[in-house]
Each structure stands twice: as C-alpha cells, then as structure tokens.
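*Asks:* Take this structure, written in structure tokens, and hold onto it; I'll ask about it next.
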Amino acid sequence: MNALMRIDPRGMILPVGLIIVAEAAARLTNLQSDALAPPSDILLSGIKALADGSMLYATWQTLANAFAGLAIGFSLGMALGILMGLFRPLNRLLEVTVEVLRPIPSVALLPVALLVYGFGHRMEFSIVAFATLWPALILTRSAIAGIEPRLLEVSRALQLSLGARIFKIVIPAALPRIFVALRLAVGISLIVAVTVEVTTNPMGLGYKMMEASQGLQPGLALAYLVWVGMLGWAVNGIMVLAQKHLFGAAANVEARL
Amino acid sequence: MKVERLLWLGASVLVFAGFIYFWQLISDYRWVSPVFLPGPDRAWQALVRGITTGDLLVRWTATIERMIYGWLLASLAGICLGALIGSSERARAYIGPTLELMRPLPASAVVPLAIALLGLSETMVLAVIAFGGLWPMLLATVHGFSAVEPRLYEVSRALGLSRTAVIFKIALPSSMPDILAGMRLSLTVALILAVIGEMLASRDGLGSHIMLAARAFRSPDLFAGVILLGVTGLVSAMLLSWFESWMLRWRESR
C-alpha cells in the first residue's frame with residue numbers, strides 16, 4: 001500500500017509515455033476510428049460530460065445502486081457471519097448450503113432480477129447485495145474465529161447476554177478484519193454495479209459507456225472508461241486511508257477468500 | 001472424530017434439502033408467482049429436458065470451453081508477464097504503478113471498447129475473459145516473486161545461476177502459493193465474463209440462454225441455466241482447490 005502514498009517518478013514514465021505515443025500516433029495517422037480516440041479528445045469529451053452534469057449524474061446513480069446493495073448484502077452477510085462464527089453447530093449445519101450457493105456467479109442472477117424487478121434500481125442493488133453477501137459472511141466468520149478465546153471466556157464469566165456479548169466483545173474484537181472485508185466488498189459492489197449497467201440496466205456509468213460506444217463517440221466512451229477506473233481507485237484509496245486512520249497498526253491484516 | 005464429521009456433513013445436507021423443500025412449498029402454495037419463481041420440480045424438469053435433448057448440454061459445454069480457454073490464456077500471459085516484472089527490481093519500479101492504476105478497472109467496463117474494436121465476435125468474448133482474468137494472475141505472480149525470501153536470491157547469486165534458472169528453480173516454485181490463489185480468483189472472473197460476453201454478444205452459451213429465457217418469461221429454463229452455472233462455479237472451484245492442495249502438499253508436511 002506504500003506505493004499508493006509515495007510517488008516514484010520512474011513509475012510515471014510508462015503511463016505518461018503511453019499517452020504521448022498514443023496522441024502522436026493518432027495525430028500522425030489522422031485517426032478515423034469508431035473505437036479509439038486520441039487522449040486529448042478523451043480528455044475534452046470527459047471535461048464536457050463533467051461540465052454538463054451528465055457524467056456526475058450517472059456517477060451518482062451507479063454509486064447509489066452500488067452502496068444500497070452493499071448496505072443490504074454486507075449487513076446480512078455480517079450478521080450471518082457473526083452467528084455462524086459464534087455458534088459452531090449453526091456453522092456446520094449451514095455449511096453445505098453456503099458452499100453450494102456461494103459459487104453461483106452473480107451475473108447468472110441478472111436475468112432473474114430482470115424478470116422479477118424489470119429495469120431500475122431494485123434489480124441492480126439486489127444483484128450487488130447477493131455479490132457482497134458472501135465475502136462479508138466468509139470473512140466475518142473467519143474474523144470471529146480469530147478472536148482471542150479468552151475474551152469470549154471473559155464474556156461468559158461476566159454472564160453477558162447474547163446482545164451484549166456481540167456488541168461489547170465480538171464486534172470490537174473482530175472489527176479490524178471485518179473492515180478489511182468491507183474494503184473488499186466496496187470494490188466488488190462497484191464492479192458488479194458497472195457490470196449490471198453494461199449488460200442490461202439502462203442507467204449509470206456502465207450504460208453511458210455502452211451508449212457512447214454504440215453512438216460512435218469513442219472519445220466519450222473512453223472518457224467514461226477512464227472515469228470508472230479513477231472512481232474505483234479513489235474509493236479504494238479512501239477505504240485504505242480510513243482503515244489506517246481508524247485502526248492504526250491493527251489494520252495490517254490481509255483478506256483471503 | 002471422522003464419524004462425527006460425517007454426521008455433521010449429513011445434517012448439513014439435510015438442512016440444504018430442507019431449504020429446497022421450502023422452495024417447493026413456496027411454489028406449491030403460490031406464495032410467489034410461478035412466473036418469477038418456478039418450483040424446483042419444474043426447474044429440474046427443464047434441466048433434464050434440456051440435457052436429454054442436448055440443447056442445454058451444447059450451450060453448457062460452449063460456456064465451459066470459453067471459460068477455460070480465456071482462463072488458460074490469462075493464466076499463461078499473467079504468469080509470463082508477472083515473472084518478467086516480478087523478477088526485476090527495475091521493471092517493478094517502472095511498470096508497477098501503471099498496474100496499480102489499471103487494477104481497480106472492472107473488466108466488464110472494457111466490454112464496450114472490446115465490442116467497438118472486435119465486433120460481436122468470439123474473439124471479443126475471449127479477449128474480454130483473458131483481459132479480466134489477467135489481472136489477478138499478474139498481480140499474484142508479481143507479489144509472489146517480490147515476496148521470495150531474499151536469501152534465496154543471494155544463494156542463487158553465489159551459485160552463479162542464470163536469470164532463467166533463478167526464475168524456474170527458485171522464484172516460480174516459491175511463489176506457487178500466490179500463483180495458485182491467483183488462478184483460483186482468475187477462474188471465477190473467467191466464468192463471470194464468459195456469461196457476460198455471451199449475454200452481450202449473443203454467442204451461443206448459457207449466458208445467452210438464461211437471458212433469452214428471462215425475456216420470454218420461461219422461468220423454468222432460466223432457473224435450469226442458473227443451476228448449471230452454479231454447478232459450474234462449484235465444481236471448477238472444487239477441482240482447483242484440490243489441485244492447489246495437491247501442488248502445495250509440501251507445505252503441510254513442514
């Protein structure tokens with residue numbers, strides 16, 4: 001993660017060089033393409049779309065869908081993960097169900113959501129919720145399993161109620177690792193939201209990109225592509241910063257699915 | 001206790017069967033309209049019918065073929081590029097930040113570009129799968145190479161090994177756990193992108209099958225397709241994790 005904070009000038013040579021080469025190549029060959037555009041054109045289209053608000057509106061739609069789905073999927077997954085982590089029998093009873101449902105690719109549910117909800121917000125965030133539920137469940141469960149057992153003994157000795165045990169002992173102890181799960185899930189939610197929009201749902205950044213590409217505006221389509229990349233990068237950056245700020249040294253845990 | 005483990009597994013299967021039975025009840029008592037949610041019996045019938053007539057079977061194999069070809073392409077390219085970048089400090093400094101910039105880009109976001117460049121073709125679908133699957137592979141390999149115990153590199157210098165010998169004898173084996181984890185992630189991505197590619201480019205496969213079934217309100221066919229996709233994901237993940245523990249069996253014996 002250090003690479004994110006410290007900028008090594010050597011690392012900038014490649015992207016900047018590529019942009020210059022692409023620009024020069026496009027100018028020299030007098031590029032007339034339905035798919036590619038010179039970087040300056042991409043930048044101009046991007047600025048124009050930002051200025052007239054269409055890009056920001058699409059961004060808002062995508063983020064709203066992604067985060068609504070994330071809120072539902074992650075909290076459900078976290079609740080299930082806590083219960084399954086605390087009660088071993090429950091974990092063992094649900095094992096087969098979880099392992100069978102988890103590998104269903106989220107896009108396979110796209111037509112189902114389309115059939116049930118039609119186009120719109122609900123079909124999109126239901127898919128995001130499904131996609132984020134599993135990493136939340138699995139990682140929360142393993143975070144609970146990693147809690148110092150003596151803490152749980154203390155809670156038993158103090159005869160805490162289940163609610164008090166979860167909110168006073170379990171969640172605070174597992175929080176750094178749950179936050180790592182959240183960081184992962186935020187990334188997934190954004191990817192899934194854009195995927196749903198590219199594939200079916202006529203709203204948000206993914207659809208705008210598709211529309212620009214099919215409307216033979218390669219500059220605009222590529223500007224959206226760059227914007228989506230920047231958005232993903234910024235969201236991840238914010239999560240990394242928040243993690244460092246909130247948990248300090250406790251943040252140094254890695255998520256493994 | 002092996003017996004206890006088996007008993008729990010059996011109980012767990014029963015719980016799963018209970019959920020299926022509940023699904024059956026939902027459709028029997030019409031709690032949810034069967035237009036949206038057919039019972040497991042009807043989904044199963046559609047599945048059996050599709051497989052015996054060969055219709056679904058052909059599409060299923062087409063999807064699996066795409067997934068595997070794209071994944072192999074991605075793995076090969078990812079490991080080779082990752083080895084090149086990871087084995088040299090200088091290459092990491094120059095190329096690493098660009099990779100970090102590209103990483104959060106959703107693979108599905110390049111679909112419009114891929115369609116504009118390659119058309120609604122088989123090549124486009126494969127290119128998208130390979131592109132999406134490349135990142136986890138590449139980053140895992142680079143990470144594996146840069147996490148190699150530095151003393152091993154010192155040893156290789158002391159032995160006067162060539163760079164290829166270092167890669168094949170030291171770096172690749174010691175980054176195997178990372179590479180295998182990357183391959184597992186990459187396979188999941190490959191299945192998702194195969195389905196998306198089929199949906200968008202209308203190539204014959206499970207992706208287009210379930211999309212058409214949904215548009216025509218043939219929900220049993222739709223659920224049959226979803227079940228097959230789930231099975232594909234489950235089986236491929238299981239095979240790969242067996243392969244992984246077999247490849248890494250040396251780790252447990254330590």
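The values are calculated or read from the model by the stated rules, or taken from the named source; none is laboratory data. Keep in mind that this is a model prediction, so the values were computed, not measured. Positions of Cβ are backbone-derived with ideal geometry, glycine not excepted, and every protein chain shown enters the neighbour counts.
*Asks:* Tally the residues that are within 29 Å of the chain's Cα centre (by Cα) and either more than 14 Å from chain A (Cβ to nearest Cβ) or at pLDDT 85 or above (or both), restricting the search to segment B:19-40.
*Replies:* 6
*Asks:* Any residue at all in segment A:56-66 that is surrounded by fewer than 22 Cβ atoms within 10 Å (Cβ to Cβ), β-branched (V, I, T) and away from every other protein chain (no Cβ under 14 Å)?
*Replies:* No, there is no match, as no residue in segment A:56-66 is surrounded by fewer than 22 Cβ atoms within 10 Å (Cβ to Cβ), β-branched (V, I, T) and away from every other protein chain (no Cβ under 14 Å).
*Asks:* Which one is nearest to B:S174 (Cα to Cα) among residues in segment B:107-145 that are aromatic (F, W, Y) and within 13 Å of chain A (Cβ to nearest Cβ)? Break it down into steps so the answer makes sense when it comes.
*Replies:* Start the filter on segment B:107-145 by keeping residues that are aromatic (F, W, Y), which leaves B:131, B:135, B:145.
Now restrict to residues that are within 13 Å of chain A (Cβ to nearest Cβ): B:131, B:135.
Details: B:F131: 26, B:W135: 20 Å.
Top of the filtered list is B:W135.
*Asks:* Looking only at segment B:115-161, which residues are over 27 Å from B:E65 (Cα atoms) and crowded, with 16+ Cβ neighbours inside 10 Å?
*Replies:* Within segment B:115-161, B:V142, B:H143, B:G144, B:F145, B:S146, B:V148, B:S156, B:L161 meet the criteria.
*Asks:* Related question: Going by the structure shown, is A:F119 surrounded by fewer than 22 Cβ atoms within 10 Å (Cβ to Cβ), hydrophobic (A, V, I, L, M, F, W, C), within 14 Å of another protein chain (Cβ to nearest Cβ) and free of Cβ contacts under 8 Å to residues at least 12 places away in the same chain?
*Replies:* no
*Asks:* Another question, if that's okay. Looking at A:V180, A:V198, A:V170, which is the one that is within 14 Å of another protein chain (Cβ to nearest Cβ) and β-branched (V, I, T)? It would help to see each step written out before you state the result.
*Replies:* On the way: A:V180 fails: within 14 Å of another protein chain (Cβ to nearest Cβ); A:V170 fails: within 14 Å of another protein chain (Cβ to nearest Cβ).
Every option except A:V198 fails the conditions.
*Asks:* Further question on the same structure: Taking A:L4 and the conditions (1) surrounded by fewer than 17 Cβ atoms within 10 Å (Cβ to Cβ); (2) at pLDDT 80 or above; (3) within 14 Å of chain B (Cβ to nearest Cβ), which numbered condition does it fall short on, given that it satisfies the others?
*Replies:* With (1) surrounded by fewer than 17 Cβ atoms within 10 Å (Cβ to Cβ); (2) at pLDDT 80 or above; (3) within 14 Å of chain B (Cβ to nearest Cβ) applied to A:L4, the lone miss is (2).
*Asks:* With (1) within 20 Å of the chain's Cα centre (by Cα); (2) hydrophobic (A, V, I, L, M, F, W, C); (3) modelled with pLDDT under 90 as the list, and B:A214 as the residue in question, which single condition is left unmet?
*Replies:* (1)
*Asks:* Among the helices (runs of 4 or more DSSP H) confined wholly to segment A:149-257, which include 2 or more residues that are over 20 Å from the mean Cα position of the chain (by Cα) and among the polar types (S, T, N, Q)?
*Replies:* Once the helices (runs of 4 or more DSSP H) in segment A:149-257 are filtered for at least 2 residues that are over 20 Å from the mean Cα position of the chain (by Cα) and among the polar types (S, T, N, Q), what remains is A:204-214.
*Asks:* Looking at this structure, is B:V148 at pLDDT below 85, out of contact with any Pro (no Cβ under 6 Å at 6 or more places or on another chain) and either at the interface with another protein chain (Cβ under 10 Å from one of its Cβ atoms) or not in a helix (DSSP H, G or I) (or both)?
*Replies:* Yes: the conditions hold for B:V148.
*Asks:* So B:M183 passes all but one of these: (1) surrounded by fewer than 21 Cβ atoms within 10 Å (Cβ to Cβ); (2) more than 11 Å from every other protein chain (Cβ to nearest Cβ). Which condition number does it fail?
*Replies:* All conditions are met except number (1).
*Asks:* Pick from A:I191, A:I169: which is at pLDDT 85 or above and more than 30 Å from A:D41 (Cβ to Cβ)?
*Replies:* The conditions single out A:I169.
*Asks:* Could you grab me the full set of residues in segment A:14-33 that are over 29 Å from the mean Cα position of the chain (by Cα) and either more than 14 Å from chain B (Cβ to nearest Cβ) or more than 21 Å from A:L216 (Cα to Cα) (or both)?
*Replies:* Those that are over 29 Å from the mean Cα position of the chain (by Cα) and either more than 14 Å from chain B (Cβ to nearest Cβ) or more than 21 Å from A:L216 (Cα to Cα) (or both): A:G17, A:I20, A:V21, A:E23, A:A24, A:A25, A:A26, A:R27, A:L28, A:T29, A:N30.
*Asks:* Please work out if A:A25 is touching a residue at least 24 places away in the same chain (Cβ under 8 Å) and over 30 Å from A:V170 (Cβ atoms).
*Replies:* Against the criterion (touching a residue at least 24 places away in the same chain (Cβ under 8 Å) and over 30 Å from A:V170 (Cβ atoms)), A:A25 does not qualify.
*Asks:* Which residues, taken from segment B:186-231, are more than 8 Å from every other protein chain (Cβ to nearest Cβ), among the hydroxyl-bearing types (S, T, Y) and assigned to a helix (DSSP H, G or I)?
*Replies:* B:S186, B:S208
*Asks:* Would you check if there is a residue in segment A:89-109 being buried (at least 19 other Cβ atoms within 10 Å of the Cβ), in contact (Cβ under 8 Å) with a residue 12 or more places away in the chain and touching an Asp or Glu at 6+ places or on another chain (Cβ under 6 Å)?
*Replies:* Among the residues of segment A:89-109, not one is buried (at least 19 other Cβ atoms within 10 Å of the Cβ), in contact (Cβ under 8 Å) with a residue 12 or more places away in the chain and touching an Asp or Glu at 6+ places or on another chain (Cβ under 6 Å), which makes the answer no.
*Asks:* A follow-up question, please. Among the residues of segment A:73-114, write down those that are of a type in the set (K, R), more than 7 Å from chain B (Cβ to nearest Cβ) and in a helix (DSSP H, G or I).
*Replies:* A:R88
*Asks:* Further question: Any residue at all in segment B:173-191 that's without any contact (Cβ under 8 Å) to a residue 24 or more places away in the chain, closer than 30 Å to B:D41 by Cα and aliphatic (A, V, I, L, M)? It would help to see each step written out before you state the result.
*Replies:* Of segment B:173-191, the ones without any contact (Cβ under 8 Å) to a residue 24 or more places away in the chain are B:173.
Now narrow it down to the ones that are closer than 30 Å to B:D41 by Cα: none.
No, segment B:173-191 has no match at all.
*Asks:* Could you say which residue among A:P39, A:P9, A:P15 is in contact with a Ser or Thr (Cβ under 6 Å, 6 or more places away or on another chain) and free of Cβ contacts under 8 Å to residues at least 60 places away in the same chain?
*Replies:* The conditions single out A:P15.
*Asks:* Quick check, is A:A51 within 14 Å of chain B (Cβ to nearest Cβ) and either over 28 Å from A:A181 (Cβ atoms) or free of Cβ contacts under 8 Å to residues at least 12 places away in the same chain (or both)?
*Replies:* Details: within 14 Å of chain B (Cβ to nearest Cβ): no; either over 28 Å from A:A181 (Cβ atoms) or free of Cβ contacts under 8 Å to residues at least 12 places away in the same chain (or both): yes.
The answer is no for A:A51.
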